[in-house]
Amino acid sequence: MLDPYKRDINYLRISVTDRCNLRCRYCMPEEGVQLMPHDAILSFEEISTLVKTGIEQGITKVRLTGGEPLVRKDIVKLVEMIAALPGIEDLAMTTNGIMLNRYALELKKAGLQRVNISLDTMDSQKFEYITRGGNIQKVFDGIEAALKAGLTPVKINCVVRHSSDEPDAKEVKKFGEAKGLFVRFIHQMNLEDGTFSQIEGGEGGNCATCNRIRLTADGFFKPCLFNETGFQVRELGGLKAMTKAVNSKPKSGSKNKSGRFNQIGG
Ligand code: SAM
Ligand code: SF4
């Protein structure tokens, strides 16, 4: 699918839930957020039908994100359903890693190819502070499990405040080098202000080469993380909602006052 600026849209990021088992300070308020009503959340059948439509339109890459994708019940089943669709060349997941030790092998067997795991610091107390209560050891166990299961290349998403020269980022980089992981640095963004930047070591944030559309857990196709526009699948039908999102992709991102990272998936 070509968008109005002739960018080839072949990458679909799917937020499978707005729920999360952490409360990262830059992503969610402490008390959590108003959750989407249960019946608004797309079923696995709806999601896989949308992916099939996407493939027919040129989608070859799919990433499952959230919220935390591993808290969605029976997520392995969804992976299996998507992996079984002919035409998917790359099937990945972005996770906080907390539950990955439990699921890595099953996910691999179901057809997941690789994972990105979020880790901003190597310090257990700082991790607990940033995530409001997370246990860093579980993430380390998750990383080991992902490597062992062959969910490779394992990439680390490291959110930095100002630069990848910050002490925490440097430690994460060192850890990544020792383990053979790719570390990507994401500058902390503010959707409302429209402060966004390119991902160091990744493709995100570069509007000129943006190849993605997003699907929210409650069934909106969104053309851009930094844009409030969305098209409801249940209202318009999958193909129309998807096409409208592609056709509304802005030349570059601006602001998004109503969306949140945990809803749109980062
Ligand atoms: N829960 C999963 C996780 O944390 O990896 C997947 C969803 S999370 C919203 C996806 C990515 O967005 C994570 O790597 C997270 O660090 C990043 N993220 C969340 N809030 C952000 C913010 N304000 N600025 C930059 N990145 C952010
Ligand atoms: Fe949850 Fe990921 Fe947001 Fe952290 S960044 S609160 S792990 S969705």
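Could you go through region 134-142 and let me know if any residue there is closer than 30 Å to residue 53 by Cβ and of a type in the set (Lys, Arg).
Applying the first criterion (closer than 30 Å to residue 53 by Cβ) to region 134-142 yields none.
No, region 134-142 contains no residue that is closer than 30 Å to residue 53 by Cβ and of a type in the set (Lys, Arg).
Being within 16 Å of ligand 2 (Cβ to nearest atom) and within 16 Å of the chain's Cα centre (by Cα), is that true of even one residue in region 160-182?
No, that holds for no residue.
If you take the residues of region 138-186 that are more than 26 Å from residue 90 (Cα to Cα) and hydroxyl-bearing (Ser, Thr, Tyr), which of them is surrounded by the most Cβ atoms within 10 Å (Cβ to Cβ)?
164
Which condition number in (1) under 23 Å from residue 235 (Cβ atoms); (2) more than 10 Å from ligand 1 (Cβ to nearest atom); (3) touching a residue at least 40 places away in the same chain (Cβ under 8 Å) is the one that residue 13 fails?
(2)
Quick check on this structure: which one of 154, 160 is among the β-branched types (Val, Ile, Thr), touching a strand residue (DSSP E or B) at 6+ places or on another chain (Cβ under 7 Å) and within 24 Å of residue 60 (Cβ to Cβ)?
Values: 160 fails: within 24 Å of residue 60 (Cβ to Cβ).
The conditions single out 154.
Only one residue in 81, 28, 1 is buried (at least 16 other Cβ atoms within 10 Å of the Cβ) and within 16 Å of ligand 1 (Cβ to nearest atom), so which one is that? Walk me through how you get there before you give the answer.
Details: 81 fails: within 16 Å of ligand 1 (Cβ to nearest atom); 1 fails: within 16 Å of ligand 1 (Cβ to nearest atom).
None of the other options fit; the residue is 28.
Scan 82, 98, 88 and give me the residue that is β-branched (Val, Ile, Thr), within 15 Å of ligand 2 (Cβ to nearest atom), touching a helix residue (DSSP H, G or I) at 6+ places or on another chain (Cβ under 7 Å) and not in a strand (DSSP E or B). Quick ask: steps written out before the conclusion?
Numbers: 82 fails: within 15 Å of ligand 2 (Cβ to nearest atom); 88 fails: within 15 Å of ligand 2 (Cβ to nearest atom).
Sole residue among the options that is β-branched (Val, Ile, Thr), within 15 Å of ligand 2 (Cβ to nearest atom), touching a helix residue (DSSP H, G or I) at 6+ places or on another chain (Cβ under 7 Å) and not in a strand (DSSP E or B): 98.
Would you point out which residue out of 8, 74 is at pLDDT 95 or above, on the phi > 0 side of the Ramachandran plot and away from ligand 1 (no atom under 15 Å from the Cβ)?
Working: 8 fails: on the phi > 0 side of the Ramachandran plot.
The unique qualifying residue is 74.
Select, from 60, 121, the only residue that is surrounded by fewer than 19 Cβ atoms within 10 Å (Cβ to Cβ) and either of a type in the set (Val, Ile, Thr) or within 11 Å of ligand 1 (Cβ to nearest atom) (or both). Lay out the reasoning, then the answer.
Working: 121 fails: surrounded by fewer than 19 Cβ atoms within 10 Å (Cβ to Cβ).
Result: 60 is the single residue among 60, 121 that is surrounded by fewer than 19 Cβ atoms within 10 Å (Cβ to Cβ) and either of a type in the set (Val, Ile, Thr) or within 11 Å of ligand 1 (Cβ to nearest atom) (or both).
Within region 31-57, track down each residue that is more than 16 Å from ligand 2 (Cβ to nearest atom), part of a loop (DSSP other than H, G, I, E, B) and surrounded by 14 or more Cβ atoms within 10 Å (Cβ to Cβ). It would help to see each step written out before you state the result.
Here is the first cut: in region 31-57, the residues more than 16 Å from ligand 2 (Cβ to nearest atom) are 37-40, 42-57.
Imposing the further condition that a residue be part of a loop (DSSP other than H, G, I, E, B) reduces the set to 37, 42-43, 57.
Listed by number, the residues that qualify are 42, 57.
State which residue is farthest from ligand 2 (Cβ to nearest atom) when the search covers only region 58-79 and only residues that are charged (D, E, K, R) and closer than 27 Å to residue 29 by Cα.
Going residue by residue through region 58-79, those that are charged (D, E, K, R) are 61, 63, 68, 72-74, 77.
Within this subset, residues satisfying the condition of being closer than 27 Å to residue 29 by Cα are 63, 68, 72-74.
Numbers: 63: 13, 68: 5, 72: 12, 73: 17, 74: 19 Å.
Ranking the candidates gives 74 first.
Residue 135: surrounded by fewer than 20 Cβ atoms within 10 Å (Cβ to Cβ) and closer than 24 Å to residue 14 by Cα, yes or no? Step through it out loud before you land on a result.
Values: surrounded by fewer than 20 Cβ atoms within 10 Å (Cβ to Cβ): yes; closer than 24 Å to residue 14 by Cα: no.
No: the conditions fail for residue 135.
The values are calculated or read from the model by the stated rules, or taken from the named source; none is laboratory data. Predicted, not measured: the structure shown is a model, and the values here were computed from it. We place every Cβ from the backbone using ideal geometry, glycine too, and count neighbours over all the protein chains shown.
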